[in-house]
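The values are calculated or read from the model by the stated rules, or taken from the named source; none is laboratory data. Since the structure is predicted, the reported quantities are computational estimates derived from the model, not experimental observations. Don't worry about glycine lacking a Cβ; one is built from the backbone with ideal geometry, like all the others, and counts go over all protein chains shown. Remember, those area values only see protein heavy atoms, side chains included, never the ligands or the DNA or RNA. Shrake-Rupley method; radii C 1.70, N 1.55, O 1.52, S 1.80 Å.
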Amino acid sequence: MSNAPSETISADTDNDSANAPPIEHSLLKKGGPDDHLLSAYRKVEKRLANQLKSQLMAFVSADLAIEMTGNETLQFPEWLQSIEGDAVYLEYHNGPSGPPIWVRISRTFLSGCVDCFFGGQFDGNSSASGKLSRSETAIIERLGKAIGDSLIEGWSVICETSFRYAGYIQDKDDLEMDLDDPNILISAASATLCGHAVEAFHFAQPIDGLVAIEPQLHRPVSRETNSVDPVWQRSLKDSFDQVYMPVRSVLARPTMNLSQLSQLSVGDVLPVSPTDNVPLIIGDRVFAHGSIGEQNGGVAFKIKQFL
């Protein structure tokens, strides 16, 4: 990433600084200043591969494995020149602004997904070319959502972020990346579909965007504790002690038909059979069983069994 030359008194020094080569990040160099970020990004790649497999198997319905096969730093024009074979390019944005992240999907893998989706078998060689078919377009939309969800889950090992799918392009000459630093990180992934290995994905993302998340790798980790604050515990108990609950007991539940109900009048007696299994109900739950008796001239309930 280039640093602007600092102002000095000497004009010669200004020229030397202006002609100095740009400082490149050592994102993929062990022991470099970005080595911690590299270690974290490898965790992202591992989770990304697992999530891609899970998301794609939901609609491909075939034996599938995804493996991240490596990454390298290239300048954006170099990556475009190195691309061979038919492919489609899905555009994602992380946040409201900034350059996009491009995900290249090989046409061979796309054709295999179409075959498997419609109940066929991928033979490892078949691949469409030219204009996309309606079936391929429909699968691209499914892949767009699946990859977006996988990116979110993959990056969740470092930070919470979101990725918005913005559509696809078929011609690589239409790809654009407005970058201050032309370096991009290319992460490659291969797939084994129906037992056949095939090149599947390239994830192209700006180095500047990766370096920007470096401060988030040093966030303090919140640790759970099993210790109980005695003041909080006592306050909670006091609050519960002041909660009122309706308590009632039911002596009997007789049933009567409509004719009998219509003939009831003041003074009628409904017989209640004596029982030692009267329920004590708190709220809507039977809390205990007991019997009805007398105490100090009043009706009382004697608990015999808690439930």
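Looking at 253, 219, just one residue is at pLDDT below 80, among the basic types (Lys, Arg) and closer than 30 Å to residue 157 by Cα, and that residue is 219. List the residue pairs whose Cβ atoms are under 6 Å apart, where the first residue sits in the stretch 277-298 and is farther than 12 Å from residue 250 by Cβ and open to solvent by less than 40 Å² (accessible area, probe 1.4 Å), the second is outside any strand (DSSP E or B) and not β-branched (Val, Ile, Thr), and the two are 6 or more positions apart or on different chains. Filtered contacts from the stretch 277-298: 283/245; 291/276. Within the stretch 254-268, the set of residues being more than 60 Å from the chain's Cα centre (by Cα) and surrounded by 10 or more Cβ atoms within 10 Å (Cβ to Cβ) comprises 260, 264.
Just one of (1) open to solvent by less than 50 Å² (accessible area, probe 1.4 Å); (2) under 24 Å from residue 171 (Cα atoms) fails for residue 159. It is (2). Residue pairs whose Cβ atoms lie under 6 Å apart, separated by 6 or more positions or on different chains, with the first residue in the stretch 74-88 and within 16 Å of residue 103 (Cβ to Cβ) and the second in a strand (DSSP E or B) and aromatic (Phe, Trp, Tyr), are 88/168.
Conditions tested, residue by residue: (1) of a type outside the set (Lys, Arg); (2) within 34 Å of the chain's Cα centre (by Cα); (3) at pLDDT below 80; (4) in a loop (DSSP other than H, G, I, E, B).
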position: 166; (1), (2), (3), (4): yes, yes, no, no
position: 180; (1), (2), (3), (4): yes, yes, yes, yes
position: 202; (1), (2), (3), (4): yes, yes, no, no
position: 270; (1), (2), (3), (4): yes, no, no, yes
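From (1) within 22 Å of residue 195 (Cα to Cα); (2) in contact with a strand residue (DSSP E or B) (Cβ under 6 Å, 6 or more places away or on another chain); (3) open to solvent by 10 Å² or more (accessible area, probe 1.4 Å); (4) not basic (Lys, Arg), pick out the condition that doesn't hold for residue 101. Only one criterion is unmet by residue 101, namely (1). Residues that are open to solvent by less than 70 Å² (accessible area, probe 1.4 Å) and either in contact with a Pro (Cβ under 9 Å, 6 or more places away or on another chain) or in contact (Cβ under 8 Å) with a residue 24 or more places away in the chain (or both) within the stretch 131-152 comprise 132, 136, 139, 140, 143, 144, 146, 147, 148, 149, 150, 151, listed in sequence order.
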